[in-house]
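Contents: one structure, followed by commentary.
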Amino acid sequence: MRPEKDAVATVDDDRLLRDTDDLIAPFVEAEKPRGRWRIGLEAEKFGLDAVGRPLDWHALSAVLDDLVRAHGWSPENEYPGGPTIALRRGAASVTLEPGGQLELSGAPHSSVHEAAAELETHLAELRSVCAPRGIRWLSLGFHPTARRDELPWVPKLRYGVMRAYLPTRGRRALDMMQRTCTVQVNLDYADEHDAMRKLRIGLALGPIVTGILAHSPFVEGAVAGRLDERAAVWLETDPDRTGLLPALWRDGAGYDDYVQWALDVPMFLVRRGATVVRNTGQRFRDFLRDGFGGARATRADWDAHLNSLFPEARLKRTLELRGADAQPLQTTAAVAALWKGLLYDEQGLAAAERLASRLAPDELEAARPHIAQHGPRAMLCGRPVAEWGNELLAIADAALARQGVLDAEGRDERRYLGPLRALLERGRCPADVLLDAARRGGRGVLDGLAETTVA
């Protein structure tokens, strides 16, 4: 699940929006020269207590409190006196998603090595405070055992609005909020041309990445019949704010095109301090023109609205690649390495662009249900997704070799692609590993869960 993350408030957030330049400003301000490009990794997971039940709000709060006491995290709340719903340490944060999913939003790093080390440190800290409580954490795309009514609702202000509104737009919107987890990669861009080029490639190649990393084959303690239940959920969430954004695929599309799309998406709410007013009947375009309940549109409102958009690749202060299920530890870093190879090397970017040009939005859209069902064995434009995925891996592998970023043992970032390559060469994905364990062990899904435990 990756619905949104509140922007960090700044003094300028209260500025009234005046024109298109103000709407484009967040993207322009985020531009960085190549030498300052970084990579960020966000990874979500589900918690189970000692007898296998989902964690309730009391247990989740206790885990956050333990991380604060034992590992130097600082608690954060939405308003004075409100509950702790996030932690921060330096440029990293730990947050709670609507159904109690725990997410590490990693700091920006110069290499996949550093991002992977940060994740390993986070999981070690989590184990240190959770093992004494009998709590374990599972990393896969859809909750493998729980019904929705068994999961808590995290008391974040906007989640109540989303909980009421999104089911009017999609049959499985509440599943998205409570029962999905993802791993997301955040990358930088140099300028408008670079940002939009990377966005188009991310949108076009995202369904392939979804298929080769499918990792959610269980629902409510049974085999789902799909390799990627999370991907199926996103197809029935909210057509206004999700998908592949085909209007942005044309040559020459720029920031303003992204802004025009965002302006026509209905809002969730208007927030002033601790006061939240539901505003789901108004597009941001109309809010900008007319205001709402006496409130006029500010930069903070626009930042919050941009955070409420859920396309498969999203443009904000970074480019967010959002299409992969939460992964077992051995393939989590592969997601970061794959996108870094494709988008942070000029030759790799050009090769990825050529590959993307062979795919049309309507072909990809038609294939998405089949990708959710069959993962790498789904057909896309007459070829198995695994064949497309092998091409992506070859491009990324060559690019990471050229980049030559070494760890302390002299290994470059290609090493993170190895586990994914080993699966893909056999037309398999991480979900197949879970299914094998479920069939082999005699306890069904319970044996599969052992493969997903990361802390």
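Quick look at the numbers
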quantity: Criterion: in contact with a Lys or Arg (Cβ under 9 Å, 6 or more places away or on another chain), modelled with pLDDT of 95 or more and assigned to a loop (DSSP other than H, G, I, E, B) - qualifying residue of PRO75, PRO98; calculated: PRO98
quantity: The one condition in (1) closer than 28 Å to ARG147 by Cβ; (2) without any contact (Cβ under 8 Å) to a residue 60 or more places away in the chain that ALA92 fails to fulfil; calculated: (1)
quantity: Pairs with Cβ under 8 Å, 6+ apart, first in segment 223-249 and small (Gly, Ala, Ser), second part of a helix (DSSP H, G or I) and surrounded by 21 or more Cβ atoms within 10 Å (Cβ to Cβ); calculated: ALA231/THR210; ALA231/ARG368; ALA231/ILE371; ALA231/ALA372; ALA232/ALA372
quantity: Qualifying position, being closer than 30 Å to TRP339 by Cα and within 24 Å of the chain's Cα centre (by Cα), among THR318, THR280; calculated: THR318
quantity: Number of the condition not met by PRO167 [criteria: (1) surrounded by fewer than 24 Cβ atoms within 10 Å (Cβ to Cβ); (2) within 25 Å of LEU119 (Cα to Cα)]; calculated: (2)
quantity: Any hit, segment 301-318, residues being among the acidic types (Asp, Glu) and either over 30 Å from VAL209 (Cα atoms) or out of contact with any strand residue (DSSP E or B) (no Cβ under 7 Å at 6 or more places or on another chain) (or both); calculated: yes
quantity: Residue that is nearest to SER139 (Cα to Cα) [pool: residues in segment 229-288 that are at pLDDT below 95 and charged (D, E, K, R)]; calculated: ARG271
quantity: Of residues in segment 34-82 being among the β-branched types (Val, Ile, Thr) and within 25 Å of the chain's Cα centre (by Cα), the one farthest from ALA334 (Cα to Cα); calculated: VAL68
quantity: Within segment 277-332, tally of residues that are part of a loop (DSSP other than H, G, I, E, B) and either β-branched (Val, Ile, Thr) or under 30 Å from LEU424 (Cα atoms) (or both); calculated: 6
quantity: Near pairs, Cβ below 7 angstrom, 6+ apart or cross-chain, from segment 253-264 (surrounded by 15 or more Cβ atoms within 10 Å (Cβ to Cβ)) to any residue that is not in a helix (DSSP H, G or I); calculated: TYR258/LEU315; TRP261/LEU245; ALA262/LEU309; LEU263/ARG283
quantity: Members of segment 105-117 found to be crowded, with 19+ Cβ neighbours inside 10 Å and assigned to a helix (DSSP H, G or I), listed by number; calculated: VAL112, HIS113, ALA115, ALA116
quantity: Unmet requirement for ARG179, which otherwise passes all of (1) over 30 Å from ARG272 (Cα atoms); (2) among the basic types (Lys, Arg); (3) under 18 Å from the mean Cα position of the chain (by Cα); calculated: (1)
quantity: Some residue of segment 370-381 being on the phi > 0 side of the Ramachandran plot and assigned to a helix (DSSP H, G or I); calculated: yes
quantity: Test for VAL68: is it part of a helix (DSSP H, G or I), at pLDDT 95 or above and touching a strand residue (DSSP E or B) at 6+ places or on another chain (Cβ under 6 Å); calculated: yes
quantity: In segment 330-355, the residues that are in contact with an Asp or Glu (Cβ under 8 Å, 6 or more places away or on another chain) and surrounded by fewer than 22 Cβ atoms within 10 Å (Cβ to Cβ); calculated: LEU355
quantity: Segment 442-455, residues that are part of a helix (DSSP H, G or I) and surrounded by 15 or more Cβ atoms within 10 Å (Cβ to Cβ); calculated: VAL445, LEU446, ASP447, GLY448, LEU449
quantity: First in segment 333-347 and at pLDDT 95 or above, second anywhere and among the hydroxyl-bearing types (Ser, Thr, Tyr), Cβ under 6 Å, 6 or more apart; calculated: ALA333/TYR416; ALA334/TYR416; ALA337/TYR416
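The values are calculated or read from the model by the stated rules, or taken from the named source; none is laboratory data. Worth saying up front: this structure is predicted, and the values here are computed from it rather than measured. Counting neighbours? That spans all protein chains shown, and the Cβs are built from the backbone with ideal geometry, glycine included.
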